[in-house]
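Chemist: Following this message is one structure expressed as structure tokens.
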Amino acid sequence: MAARIHGGAGAGAATALSTFNPKKLVAPSRTNLPARSSKRCIVAAAGSDASKSLRVGHSQKLIANAAVATKAETSATTGTGHELLLFEALQEGLEEEMDRDPHVCVMGEDVGHYGGSYKVTKGLADKFGDLRVLDTPICENAFTGMGIGAAMTGLRPVIEGMNMGFLLLAFNQISNNCGMLHYTSGGQFTIPVVIRGPGGVGRQLGAEHSQRLESYFQSIPGIQMVACSTPYNAKGLMKAAIRSENPVILFEHVLLYNLKEKIPDEEYICNLEEAEMVRPGEHITILTYSRMRYHVMQAAKTLVNKGYDPEVIDIRSLKPFDLYTIGNSVKKTHRDVPTPYAGTLEEWTVVQPAQIVTAVEQLCQ
Amino acid sequence: MALSRLSLRSNRFLRPSTTAAALPSSIRRHVSTDTTPITIETAVPFESHLCDAPSRSVETSSAEILSFFRDMARMRRMEIAADSLYKSKLIRGFCHLYDGQEALAVGMEAAITRKDAIITSYRDHCTFLGRGGELVDAFSELMGRKRGCSNGKGGSMHFYKKDACFYGGHGIVGAQIPLGCGLAFAQKYSKEEFVTFTLYGDGAANQGQLFEALNIAALWDLPAILVCENNHYGMGTATWRSAKSPAYFKRGDYVPGLKVDGMDALAVKQACKFAKEHALKNGPIVLEMDTYRYHGHSMSDPGSTYRTRDEVSGVRQVRDPIERVRKLLLSHDIATEKELKDMEKEVRKEVDDAVAQAKESPVPEPSELFTNMYVKDCGVESFGADRKELKVTLT
């Protein structure tokens, strides 16, 4: 099968659904899973496997300047590190950047005194005060616009959407102002905002709270989009996004917040435009990001047992795509399986590992 | 520009409340540099909501009133020139003209500094000029030339001038209001003693984001001044058909408001001065400027389907801002009829020269299509419509 590389158009969601027929669902083990409160134990198993292969396979570099896409030296080995959960990694990244640059501030609903609905901003209000960690009323359109206006003067707000779906209310501000002001002003204004929030299918959160908006935002010029999937890249991408002069949308996932991993003690940033090689392989390239990474890695185990050697790339950077890494991989394997994410109904529209295995087998025939 | 020297003839003062800085008639001075304070009463009283209205006596000077005249004449000329450029298809797309509303731009500038921020909607040509923008930059931007204030990439609705804290220039109705409150937030954050004037129209006054932003501004005590330029028509819909409560200065509810005669530059100046002091001490305030636009909503709108020509010419006769200032100058003997006419001729020439210069300016290079997409454009490749041509790496 000829290589298919995704362009920036975000058409992935549609193509994935057409490939998978829900009726052919094999062993949907998720239907037997307990309710939301125990999400921690479900994901951690996959998470620890993924992070093991992460350390073995990835070619990350610790760089000082996030916006430069250089291919340079390999990462420093993590001697002593410290273990933490993904939301703690995000918080660490945010706190370090707020310490480093007094222009960084956080705004969102319940980010201050409450500590953040997913605890990403816990403790920050006590440390930095109410002027830097701002509890906003429930008006996404207005406070996103305010963040953008503040950014025009040089502040670096981190705007939290309690759920990515709520950011649809601010779509006008994100698309027309955030994305375009740098261009329409002829370069006079930069908008160094970070818009972040969790999205995606959780545990029966309902249709409106389970949206992935990547494909909506893909068409907005002028913004960068990244998705984090491990505590390591969560912290790194958060820091890089804050330091970037461009508006960056950081997609998190509700179910990944409790992933545990050991991350380095020393400071590091991840490159915003780079993909991560999760598992090098020879036969087929599987592109994934965010939560699907774990499904893919589960599928990869099955595939390896069946004799395949899949290469798994966590694309991380959704806009712009890291075509260099992806291109090299596909040139090597000549086959790719994209697993973009579309969750409007729980469970049977979520791509399951078994489906991934089936797809790979079909492609490799 | 050297004016002929005038003598101040104190017996010609008609308005009752001038200060008694009586100068002997034998002293001749340059009127343009005369900054002796004069006090003028505004014709229309202020209406206030939840605050005490400022005094109707406005402190000004001959130099200032003359500068009002010159600046407003320049703005008027610019808009008329833009009209004819649009009709000769040198300006395309949308073009929203401000003639009739000039008093707002000049009055506001007289009350504030260049470090106070202004943000407005798409009817931004004159506001840009008021902030110190050059005529030639304005015309170049309108015609999409490189010399334009946004390098030709913004157009009529996207004028910006960062060094003068003019933040544009926005096409989406009302979207600039949260941006403006964000500017005020940044001013408070940096502990600067400056304010932000966020301008919007009577049409935008019905946007939800206005009330959202006002709530936050009031909650966080931001130095934000929301100015409703009520020209009585939201494109083709009159205010009585779009607003249940057309008292826009009262719609802030818990936020104080002031209604101002927006065709009187001195009243505007007084209100903005008052608003700035208020905002720095007490947080946001809403100003409603009662004004009028002679042109239609934009160049595609004749402006006569929803209002009569008599109405337009009536306002022009009775309330025109430039004529009011002219009468003031003549009655206070600050300038003669002939001098004002000469000034208008000079302004006309200034505008014509700027248009000619702008016409000479080249269009942006094709490579400009891809600049300023990102800051330090991150090495992304950008394709043309069919993915085969125009492959460019954003650098």
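Chemist: Please tell me which of these pairs span more than 30 angstrom C-alpha to C-alpha: B:161/B:244; B:146/B:376; A:260/A:319?
Modeler: Numbers: B:161/B:244 36 Å; B:146/B:376 21 Å; A:260/A:319 27 Å.
Over 30 Å Cα-Cα: B:161/B:244.
Chemist: Let me ask you something else. Near residue B:327, which lysines are there with a Cα under 27 Å away, not counting those fewer than 8 places off in the same chain?
Modeler: Straight-distance partners of residue B:327: B:259, B:269, B:273, B:338, B:341, B:345, B:349.
Chemist: What is the distance in Å between the Cα centroid of the stretch B:274-332 and that of the stretch A:121-151?
Modeler: 37 Å
Chemist: What's the FRET efficiency of residue B:44 with residue B:280 using the Cβ-Cβ distance as r and R₀ = 30 Å, to the nearest 0.05?
Modeler: Details: r = 26 Å, r/R0 = 0.87.
With R0 = 30 Å, the Cβ-Cβ based efficiency is 0.70.
Chemist: Averaged over B:173-181, how many beta carbons belonging to a partner chain fall within 10 Å of each residue's beta carbon?
Modeler: Values: counts 0, 3, 7, 3, 5, 14, 13, 3, 6.
Averaged over the peptide's residues, the number is 6.
Chemist: Between the helical axis of B:265-282 and the dominant principal axis of chain B, each derived from Cα atoms, what acute angle in degrees is found, rounded to the nearest 10?
Modeler: Helix B:265-282 sits roughly 70 degrees off the main axis of chain B.
Chemist: Using a 10 angstrom cutoff on alpha carbons, build the Gaussian network for chain B and name the most mobile of B:286, B:347, B:195.
Modeler: In this elastic network of chain B, the residue with the biggest mean-square fluctuation among B:286, B:347, B:195 is B:347.
Chemist: Run the quick spin-label model on residue A:110 and residue B:254: label points 7 Å from Cα toward the beta carbon, then report their separation in nm to one decimal.
Modeler: 2.2 nm
Chemist: Something else: Helix B:62-87 versus the longest principal axis of chain B: what angle, 0 to 90°, nearest 10, using Cα atoms?
Modeler: 40 degrees
Chemist: Collect residues whose amide H, placed 1.01 Å from N in the peptide plane, falls under 5 Å from the amide H of residue B:199; neighbours closer than 5 in sequence don't count.
Modeler: Placed amide hydrogens put B:119, B:120, B:227 under 5 Å from residue B:199.
Chemist: Let me ask you something else. Calculated from DSSP H runs of 4 or more alone, at -39500 (n - 2.57) each and per residue, what is the 222 nm mean residue ellipticity of chain B, nearest 500?
Modeler: Values: 11 runs with 144 residues, N = 395.
Result for chain B, helices only: -11500 deg cm²/dmol.
Chemist: Between residue B:146 and residue A:302, what FRET efficiency comes out of the Förster formula 1/(1 + (r/R0)^6) with R0 = 45 Å and r the beta carbon distance, rounded to 0.05? Don't skip to the answer; put the middle values down first.
Modeler: Numbers: r = 59 Å, r/R0 = 1.32.
Computed FRET efficiency for residue A:302 and residue B:146 comes out at 0.15.
Chemist: Something else about it: Quick check on chain B: of the DSSP beta bridges with both residues there, what percent are antiparallel, nearest 5%? Let's see the in-between values first.
Modeler: On the way: 15 of 36 bridges.
Roughly 40 percent of the beta bridges in chain B run antiparallel, per DSSP.
Chemist: Between residue B:61 and residue B:327, what is 0.36 nm times their sequence separation minus the Cα-Cα distance? Round to one decimal in nm. Intermediate results must be reported in sequence, preceding the final value.
Modeler: Working: separation 266, 0.36 × 266 = 95.76 nm, distance 1.50 nm.
Answer, rounded to one decimal: 94.3 nm.
Chemist: At a Cα cut-off below 12 Å, give the aspartates and glutamates reachable from residue A:262, other chains included and same-chain residues fewer than 8 away excluded.
Modeler: A:83, A:88
Chemist: So, one more: Determine the shape class of the stretch B:35-363: with a ≥ b ≥ c the square roots of the Cα gyration tensor eigenvalues, call it rounded for a/c under 1.5, and otherwise prolate if a/b is greater than b/c, oblate otherwise.
Modeler: rounded
Chemist: List the trypsin sites (Lys or Arg not before Pro) within the stretch B:67-167 that fall in a DSSP loop (any state other than H, G, I, E or B) and whose Cβ has at most 10 other Cβ atoms within 10 Å.
Modeler: Numbers: sites: B:70, B:74, B:76, B:77, B:87, B:89, B:92, B:114, B:115, B:123, B:131, B:145, B:146, B:147, B:153, B:161, B:162; in loops: B:89, B:92, B:114, B:115, B:123, B:131, B:145, B:146, B:147, B:153.
Here the sparse-neighbourhood loop sites are B:89.
Chemist: Rounding to the nearest 10 and keeping the result within 0 to 90°, find how far the Cα-based axis of helix B:102-111 lies from the longest principal axis of chain B.
Modeler: 80 degrees
Chemist: What order, most packed first, do the peptides B:264-273, B:175-184 have when packing is the mean number of other Cβ atoms within 10 Å of each residue? It would help to have the intermediate numbers written out before the result.
Modeler: Values: B:264-273: 26.9, B:175-184: 31.2.
Ranking, from highest mean packing down: B:175-184, B:264-273.
Chemist: Also: Can you pull out the GluC sites (Glu not before Pro) in the stretch A:235-288 whose DSSP state is coil and whose Cβ has at most 11 other Cβ atoms within 10 Å? Could you put the intermediate results ahead of the total?
Modeler: Details: sites: A:245, A:252, A:261, A:266, A:267, A:273, A:274, A:276, A:282; in loops: A:245, A:266, A:267, A:273, A:274, A:282.
Sparse-neighbourhood loop GluC sites (Glu not before Pro): A:266, A:282.
Chemist: Taking K and R as +1 and D and E as -1, what net charge do the other residues with C-beta under 11 Å from the C-beta of residue B:290 add up to? Walk me through the numbers before you get to the answer.
Modeler: Numbers: positive: B:259, B:319; negative: B:47, B:202, B:229, B:261, B:264, B:288.
Net of charged neighbours comes to -4.
Where a number appears in this text, it was derived from the coordinates with a stated rule and is not lab data. Nothing here was measured: the structure is a model prediction, and the numbers come from that model. Heads up, the Cβs are rebuilt from the backbone with ideal geometry, glycines too, and the neighbour counts pull from every protein chain shown.
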